[in-house]
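Chemist: Below: one structure in structure tokens.
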There are 2 protein chains.
Amino acid sequence: MALKRSRQREMIKSFLMGRKDHPTADVIYSNLKQQDPNLSLGTVYRNLTLLSDMGEILRLRVGDGVDHFDADTSEHYHFVCTECGSVIDLDMDSIDSIMETAGERFDGRIRGHITYFYGTCPACTRVATKS
Amino acid sequence: MALKRSRQREMIKSFLMGRKDHPTADVIYSNLKQQDPNLSLGTVYRNLTLLSDMGEILRLRVGDGVDHFDADTSEHYHFVCTECGSVIDLDMDSIDSIMETAGERFDGRIRGHITYFYGTCPACTRVATKS
DNA sequence: GTGAATGCAAAAGGTTTGCACCCCC
DNA sequence: GGGGGTGCAAACCTTTTGCATTCAC
């Protein structure tokens with residue numbers, strides 16, 4: 001049951017660390033497939049699941065039906081563009097205090113929250129505004 | 001292209017209005033199938049999609065891989081139990097102000113946010129605490 | 001050498017869709 | 001009667017999984 005290192009897992013992790021967007025399994029696969037033609041999609045999924053279970057990466061379910069992955073596990077929030085679907089990191093203060101608000105009239109135990117902001121990203125805003 | 005009423009759509013909508021949990025398409029289907037054995041799952045999905053496109057119901061993607069539906073379209077928040085998967089309405093004040101926080105250092109246009117709180121629901125908390 | 005990891009392909013969900021038939025206006 | 005809605009089943013997509021093989025320790 002001991003974890004063994006694998007070239008594939010390292011490829012996947014470092015690919016992810018090198019990107020600020022939040023690629024899907026398929027994007028990761030097609031990119032890495034070029035430098036390692038034997039790579040299989042199942043391996044990509046297995047490692048993404050493993051890494052996120054270990055807490056080394058984040059699995060983002062932004063609601064577009066496809067999982068996105070993020071190597072930045074620090075607390076931060078995401079914005080999803082409803083035009084182009086891109087997922088962007090937000091530089092903002094913590095809003096953890098909303099959990100207190102949520103817990104005031106709730107009997108269970110609130111351990112966390114998932115928040116996605118959506119709207120039009122800078123690039124799409126520019127296009128829409130263009131004269 | 002004009003919308004015609006359909007017995008099935010009305011069944012679905014009123015079933016949904018009669019529940020405070022947030023059933024999945026399959027739960028809706030199996031329940032209504034009993035009073036209308038000819039009902040098909042495709043029809044349920046088509047109508048749920050139609051109703052949510054019209055804004056008459058909400059499609060909740062809570063991250064468990066299955067869509068949940070809610071006839072209450074008023075602004076409110078949801079809690080998802082990580083033990084039993086139940087989705088519960090939260091009685092809480094608006095946290096729309098988080099959008100201002102999010103927008104401070106962001107160039108795009110933020111139009112909304114989706115927030116799910118997660119943790120242990122009242123029922124599961126009780127079980128876990130039981131001596 | 002042992003068992004974890006891979007590659008391949010099949011399977012498993014959940015959701016959508018094509019098509020012939022039905023029903024509402 | 002025309003066109004939207006339904007039922008049925010097949011198709012779709014993303015993700016998971018079984019199994020024989022390969023690789024790390």
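Chemist: Can we say B:F106 is within 14 Å of chain A (Cβ to nearest Cβ), surrounded by 15 or more Cβ atoms within 10 Å (Cβ to Cβ), more than 16 Å from DNA strand C (Cβ to nearest atom) and within 14 Å of the chain's Cα centre (by Cα)?
Modeler: Working: within 14 Å of chain A (Cβ to nearest Cβ): yes; surrounded by 15 or more Cβ atoms within 10 Å (Cβ to Cβ): yes; more than 16 Å from DNA strand C (Cβ to nearest atom): yes; within 14 Å of the chain's Cα centre (by Cα): no.
In short, no.
Chemist: While we're looking at this one, here's another question. Condition first: in a helix (DSSP H, G or I), within 10 Å of DNA strand D (Cβ to nearest atom) and farther than 14 Å from A:L16 by Cβ. Now tell me which residues in region A:28-42 satisfy that.
Modeler: A:L41, A:G42
For every residue, the table says whether it meets (1) assigned to a helix (DSSP H, G or I); (2) away from chain A (no Cβ under 12 Å).
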residue	(1), (2)
B:V44	yes, yes
B:N47	yes, yes
B:G55	no, yes
B:G65	no, no
B:V80	no, no
B:I95	no, no
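Chemist: Still on this model: Can you tell me how many residues in region A:97-129 are closer than 30 Å to B:P122 by Cα and part of a helix (DSSP H, G or I)? Give the steps one after another, and end with the answer.
Modeler: If we filter region A:97-129 for residues that are closer than 30 Å to B:P122 by Cα, which is where we start, we get A:97-117.
Those still in the list that are part of a helix (DSSP H, G or I) too: A:98-103.
The total comes to 6.
Chemist: Of all residues in region B:81-92 being in contact (Cβ under 8 Å) with a residue 60 or more places away in the chain and surrounded by fewer than 19 Cβ atoms within 10 Å (Cβ to Cβ), which is nearest to DNA strand D (Cβ to nearest atom)?
Modeler: B:S86
Chemist: Which members of region B:1-40 meet the condition of being over 30 Å from B:H113 (Cα atoms) and within 8 Å of DNA strand C (Cβ to nearest atom)?
Modeler: Matches in region B:1-40: B:A2, B:K4, B:R5, B:S6, B:R7, B:S40.
Chemist: Let me ask something else. Quick one: B:V87 ticks every box in (1) at pLDDT 95 or above; (2) within 16 Å of DNA strand C (Cβ to nearest atom); (3) outside the structural domain of B:P122 (by TED's automatic domain parsing) except a single one, so which number is it?
Modeler: Single failed check for B:V87: (3).
Chemist: Mind listing whichever residues of region A:46-80 are surrounded by 15 or more Cβ atoms within 10 Å (Cβ to Cβ) and over 14 Å from the mean Cα position of the chain (by Cα)?
Modeler: Those that are surrounded by 15 or more Cβ atoms within 10 Å (Cβ to Cβ) and over 14 Å from the mean Cα position of the chain (by Cα): A:R46, A:N47, A:L50.
Chemist: Something else now. I want to confirm something. Restricting to region A:11-27 and keeping residues that are part of a helix (DSSP H, G or I) and more than 10 Å from DNA strand D (Cβ to nearest atom), which single residue is nearest to the chain's Cα centre (by Cα)? Walk me through how you get there before you give the answer.
Modeler: Start the filter on region A:11-27 by keeping residues that are part of a helix (DSSP H, G or I), which leaves A:11-17, A:25-27.
Then drop every residue that is not more than 10 Å from DNA strand D (Cβ to nearest atom), which leaves A:11-17.
On the way: A:M11: 17, A:I12: 14, A:K13: 13, A:S14: 15, A:F15: 13, A:L16: 10, A:M17: 11 Å.
That would be A:L16.
Chemist: For A:F69, which of the numbered conditions (1) modelled with pLDDT of 95 or more; (2) under 24 Å from B:G108 (Cβ atoms); (3) outside any strand (DSSP E or B); (4) within 13 Å of DNA strand D (Cβ to nearest atom) fails to hold?
Modeler: (3)
Chemist: Under 9 Å between Cβ atoms, at least 6 apart or on separate chains: pull out the pairs that start in region A:4-33 with a residue that is within 14 Å of chain B (Cβ to nearest Cβ) and end on any residue that is more than 9 Å from DNA strand D (Cβ to nearest atom).
Modeler: Partner pairs satisfying both residue conditions: none exist.
Chemist: Hey, another quick one. So, A:G55, is that one among the small types (G, A, S), more than 7 Å from DNA strand C (Cβ to nearest atom) and within 17 Å of B:I114 (Cβ to Cβ) or not?
Modeler: Details: among the small types (G, A, S): yes; more than 7 Å from DNA strand C (Cβ to nearest atom): yes; within 17 Å of B:I114 (Cβ to Cβ): no.
Criteria not met by A:G55.
Chemist: Does A:R46 satisfy the condition of being touching a Gly at 6+ places or on another chain (Cβ under 9 Å), in the same structural domain as A:E10 (by TED's automatic domain parsing) and modelled with pLDDT of 95 or more?
Modeler: Numbers: touching a Gly at 6+ places or on another chain (Cβ under 9 Å): no; in the same structural domain as A:E10 (by TED's automatic domain parsing): yes; modelled with pLDDT of 95 or more: yes.
Spelling it out, it is not the case that A:R46 is touching a Gly at 6+ places or on another chain (Cβ under 9 Å), in the same structural domain as A:E10 (by TED's automatic domain parsing) and modelled with pLDDT of 95 or more.
The values are calculated or read from the model by the stated rules, or taken from the named source; none is laboratory data. The structure presented is a predicted model; accordingly, all values stated were derived computationally and were not measured. Here Cβ is always computed from backbone atoms with ideal geometry, including for glycine, and neighbour counts include all displayed protein chains.
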